[in-house]
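Asks: Below is one structure. I have some questions about it.
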Amino acid sequence: MSLISVDAAYRLLLQDAAPIGRMEDLPLSQAAGRVLGTDIVALRTQPSFDASAMDGYAVRSADLAAGLTPLRLIGEAAAGRAFDGAVGAGETVRIFTGAPVPAGADAILIQEDTTVEASGRIMPCATVAERQHVRFAGVDFREGDKLLPGGCLLSPGAIALAASGGHPTLTVRQRPRVAVLATGDELVLPGVAPGPAQIVASNGFGVAAMVAAAGGEALDYGIAPDDSGAIAARLDQALAEGADIFVTIGGASVGDHDLVGAVFAERGVALDFWKVAMRPGKPLMAGRLRDMRIVGLPGNPASSMVAAKLFLAPLVSRLAGRPERPLTRNAILGAAVPENGERTDFVRSVVELADDGTATVTPLPRQDSSLLSTYAHAQGLLVRPPGAAPAEAGQPCQYVPLD
């Protein structure tokens, strides 16, 4: 296959990707960050009674409108403890925030606007309007109101709203299951002393973290040696375990020991593309085998992470049913950049945000595709289109945030 543009590869990858239909019920304590599967409606009215919005005194507004005269204190109401009685003419009840407004009262006189006489009577220092400082029943929502739409991301606020509406559990979309397999004889796990020609495997952990951040469930398939049978066995395992995406790291190029492409061909994987006109990340492939999607990431650490950010993360997010957001944002250059070659360049960069929200993107000095330290310290990827002319600091640009 010839090189495909980044835009074309992105469209092919996502053109028919739809949220998975599997649902599960989770308690509220486990539902944050998940995607709500169905609309939820309020099972109760909030608040279910007229409540005080301030500390003060429950009064009849008409009493104060007739003249500021002392009121007889007849009781107290606190949150969780209502006053059992009614407020009559010339009477008041001490009340605290959240307490039910007693029968007969129609406003709250805040405590700062009162004095307490030696006799214990309450002297108003200001008038109040009817319903002033009262949160009336149902002001937040009423039983039967739609609280949250299906498909929304369950933020902390959404979780709190669902709880207030009386829902102890929520129906959410299951997370896409993503099998992550690193390949290569040279790899050992962290904590294992590498041999003379070996390195510590790092990409799989970064990719798994990116899958989780995008709303997926990463399945650790470990490390496969440079052996076609071992790679094929992991592919069969992913099919048997119902993985939605099978991700390989490394072995996607064309060297004698790059076996992933050959295994995919032998197993009947239908490739949508192989090799993308981008830097870093050129040896990237994507396709599908039956209902399982396939993503083959390059082996160089920064290449793997960049390609996963640009392609794998959006695919996982789409399958998870998460609300979509633009991949790139507008910014200005923080330093001059040279002309670009024939591939889209994703330059690991520092991003500084001004008080007005303007982003300034400055490339980091070292851009070798093997350097994880550069990727880890970057906040964004400056996007340099194919054939882009040299640009000076202060000129507009686009970048991919790495948050």
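Asks: Run the reach check for residue 309 against aspartates and glutamates, Cα to Cα strictly under 13 Å, same-chain hits fewer than 8 apart removed. What comes back?
Replies: Those aspartates and glutamates meeting the cut-off are 403.
Asks: 5 Å is the cut-off here: which amide hydrogens, built 1.01 Å from N in the peptide plane, fall below it relative to residue 185, excluding neighbours closer than 5 in sequence?
Replies: Under 5 Å from the amide H of residue 185: 226.
Asks: If the cut-off is a Cα-Cα distance under 18 Å, which aspartates and glutamates reach residue 275, setting aside same-chain residues fewer than 8 apart in sequence?
Replies: Once the sequence-local aspartates and glutamates are set aside, what remains near residue 275 is 7, 256, 258, 342, 345.
Asks: Suppose the chain between residue 366 and residue 44 were pulled fully straight at 0.36 nm per residue; how much longer would it get relative to their current alpha carbon spacing?
Replies: Going from the current span to full extension adds 110.1 nm.
Asks: Let's test the formula: R0 of 35 Å, r as the Cβ-Cβ distance of residue 29 and residue 188. What FRET efficiency results, to the nearest 0.05?
Replies: My answer for the efficiency is 0.40.
Asks: Across region 384-399, in residue order, what do the Karplus-derived ³J(HN,Hα) couplings come to in whole Hz, using 6.51 cos²θ - 1.76 cosθ + 1.60 with θ = phi - 60° and x for Gly and Pro?
Replies: Computed from phi, the couplings for region 384-399 are 10, x, x, x, 4, 6, x, 9, 9, 4, x, 7, x, 7, 10, 8 Hz.
Asks: Short version: ³J(HN,Hα) in whole Hz for each residue of region 47-60, in order, from phi by Karplus 6.51 cos²θ - 1.76 cosθ + 1.60 (θ = phi - 60°), x for Gly and Pro, what are they?
Replies: Here the 3J(HN,Hα) series is x, 8, 8, 5, 10, 6, 8, 9, 7, x, 9, 7, 9, 9 Hz.
Asks: Enumerate the aspartates and glutamates that residue 146 could reach by cross-link, defined here as Cα to Cα under 15 Å, with residues fewer than 8 away along the same chain left out.
Replies: 39
Asks: With unit charges on the beta carbon (Lys/Arg positive, Asp/Glu negative), name the residue among 116, 132, 283 whose Cα is farthest towards the positive pole of the charge dipole of the chain.
Replies: My answer, from the dipole projection, is 283.
Asks: Ranking 348, 142, 343 by Cβ neighbours within 10 Å, fewest first, what do you get?
Replies: Ascending Cβ contact count within 10 Å gives the list 142, 343, 348.
Asks: Rounded to the nearest 5, what % of the DSSP beta bridges within the chain are antiparallel ones?
Replies: Antiparallel: roughly 65 percent of the beta bridges in the chain.
Asks: Ranked by Cβ crowding within 10 angstrom, fewest neighbours first, how are 84, 226, 63 ordered?
Replies: Starting with the residue having the fewest Cβ neighbours, the order is 84, 226, 63.
Asks: Okay, next question. Any idea what the dipole of the chain comes to, in debye rounded to 20, about its Cα centre with Lys/Arg Cβ at +1 and Asp/Glu Cβ at -1?
Replies: 440 debye
Asks: Next up: In what order do 141, 83 fall by count of nearby beta-carbon atoms within 10 Å, going from fewest to most?
Replies: Neighbour counts put them in this order, fewest first: 141, 83.
Asks: With a sphere of radius 14 Å drawn around the Cβ of residue 126, what net charge do the other residues whose Cβ falls strictly inside it have (Lys, Arg +1; Asp, Glu -1)?
Replies: -3
Asks: Residues with amide H under 5 Å of residue 145's amide H, sequence separation 5 or more or different chain, H placed in the peptide plane at 1.01 Å from N; which?
Replies: So residue 145 has HN proximity to 42.
Asks: Another question, then. Multiply the residue separation of residue 198 and residue 324 by 0.36 nm, subtract the distance between their alpha-carbon atoms, and state the gained length in nm to one decimal.
Replies: Additional length available on full extension: 41.4 nm.
Asks: While we're looking at this one, here's another question. Could you grab the Rg to Rh ratio for region 51-135? Cα atoms only, Kirkwood for Rh.
Replies: Expressed as Rg/Rh, it is 0.91.
Asks: When the chain is fully extended, how far beyond the present Cα-Cα distance does residue 377 get from residue 126, taking 0.36 nm per residue of separation?
Replies: The residue 377-residue 126 span can extend by a further 84.4 nm.
Asks: Can you give the calculated 222 nm mean residue ellipticity of the chain, where each DSSP H run of n ≥ 4 adds -39,500 (n - 2.57) and the sum is split over every residue, rounded to the nearest 500 deg cm²/dmol?
Replies: Per the formula, -5500 deg cm²/dmol.
A short reminder: the numbers here are calculations on the coordinates, not readings from a lab. Only a predicted model underlies this, so the values are computations on that prediction, with no experimental measurement involved. When we count neighbours, we look across all protein chains shown, and the Cβ atoms used for this are built from the backbone with ideal geometry, even at glycine.
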